[in-house]
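Below is one structure, written out as structure tokens, with a few remarks after it.
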Amino acid sequence: HPFGIGGAFGGNRGLRPVPPEKGIFPLDHLHECDLEKKEYLSCLKTSGHKSEKCRQFSKKYLQCRMEKNLMAKQDLSELGFGNSSEMEASVGKEYSEK
């Protein structure tokens, strides 16, 4: 058998999945964060796919994934989300420049 015991397609089904490294996200099989994902995607659609306008939704989605162990927990500032006052300041700046 070329793949060893269990085959290539998920031999050890009893083991609890370990959250992977950043960049590889396990699928949300139980749809635990669907609401957050839908909010984010609908925001992208209405904003013409300008992700910066939907930051609060992507932040909620990432927080949901961390809570449900769908990704490694880490500080949101490491994921590009500063503290909220910093974000509000940059959003306010966006509008005043136009």
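Applying the selection to the stretch 22-63, what residues are among the basic types (Lys, Arg) and surrounded by 15 or more Cβ atoms within 10 Å (Cβ to Cβ)?
37, 53, 55, 59, 60
With respect to residue 78, determine if the residue is open to solvent by 60 Å² or more (accessible area, probe 1.4 Å), charged (D, E, K, R) and either at pLDDT below 95 or in a helix (DSSP H, G or I) (or both). For residue 78, the condition - open to solvent by 60 Å² or more (accessible area, probe 1.4 Å), charged (D, E, K, R) and either at pLDDT below 95 or in a helix (DSSP H, G or I) (or both) - is met.
The values are calculated or read from the model by the stated rules, or taken from the named source; none is laboratory data. Quantities reported herein were computed from a predicted structural model and do not represent experimental measurements. Cβ atoms come from the backbone with ideal geometry, glycine included; neighbour counts cover every protein chain shown. All accessible areas refer to the heavy atoms of the entire protein, side chains included, with ligands and DNA or RNA removed. Shrake-Rupley method; radii C 1.70, N 1.55, O 1.52, S 1.80 Å.
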